[in-house]
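Shown next, in structure tokens, is the structure this report addresses.
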Amino acid sequence: MDTRHSVTRCLRECGLDLRSAVRSRRRGRLDAARLRMTASAHDPDSPELITPYVEEVRLIAKRATTELRGRLIEDRHALVTAIHSGAVAVVTQYEVRRSNSPALLDRWGRSVAEWRTAAALCRTRAESIAGGANLRLAHYWDAVWQRQSAGDEDPRTRPQDWLPGKIALDADWHEPDSWLTAAPGAPSVLTTALRVLDGGRARAGRPAA
């Protein structure tokens, strides 16, 4: 699913590949003259620097990563269904009957591990999309700085950590188990089963799936 070529294709389809650098710089030069302030004089977190172009790039990245996660859940529908049905069996065995069944837990644990591996690979692609979007923003702001400081005796270059609109993945990208629940964070059969699974692996001295 997540080879180097698929990541490159995804960036190209989103308009976030290396060829977008030319377009980003062109837009930066145009916006440099339109901005009613000197960009370099403002903190990168200033809302005044969220220009229409910055907002456009952020929306592209948000839409692409959201669709990426949706495709994962759709493509892995059978696995997700098996995880939910297995969770019922685990909770019934461990919480209702109060009887351990290592074989049952291990079988279900393998399904959870497969999901977590697939989600981690999906996150890698999402991180590539965020990185491509941030590179596009970097080219844009480089052009803004260069155009606005063109007449200065000592033109400055944009510091690498000065990047208004910088994109980062939401925290739930690091909690893929929450994608399986209708109400993330709320108690459910699935969250109870995952607690049993991770707790059992910890007691056995094995890493969580």
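What does the net charge come to around residue 63 if you take all other residues with beta carbon closer than 15 Å to its beta carbon, with K and R at +1 and D and E at -1?
+1
Rounded, prolate or oblate for segment 47-95? Axes are the square roots of the Cα gyration tensor eigenvalues, ordered a ≥ b ≥ c, and the cut-off for rounded is a/c under 1.5.
The shape class here is oblate.
Could you tell me what a quarter of the Cα convex hull surface of the chain works out to, in nm² with one decimal place?
About 14.6 nm², averaged over all directions.
For the chain, with the dipole built from +1 on Lys and Arg beta-carbon atoms and -1 on Asp and Glu ones, taken about the Cα centre, which of 37, 22, 93 lies farthest toward the positive end?
93
Estimate the FRET efficiency between residue 43 and residue 17 by the formula 1/(1 + (r/R0)^6), using the beta-carbon distance for r and 25 Å for R0, to the nearest 0.05.
Step by step, r from the Cβ atoms, then E = 0.25.
If I take R0 = 25 Å and measure r between the Cβ atoms of residue 8 and residue 161 in this structure, what FRET efficiency does the formula 1/(1 + (r/R0)^6) give, to the nearest 0.05? Present the calculation step by step, with values, prior to reporting the outcome.
Details: r = 27 Å, r/R0 = 1.07.
After rounding to 0.05, the efficiency reads 0.40.
Out of segment 33-114, which trypsin sites (Lys or Arg not before Pro) are coil in DSSP terms and have no more than 12 other C-beta atoms within 10 Å?
36, 97, 98
Each reported figure results from applying straightforward, stated rules to the coordinates on display, with no laboratory input. These numbers come from a predicted model, not from an experiment. Virtual Cβ from ideal backbone geometry, glycine too; neighbours counted across all protein chains shown.
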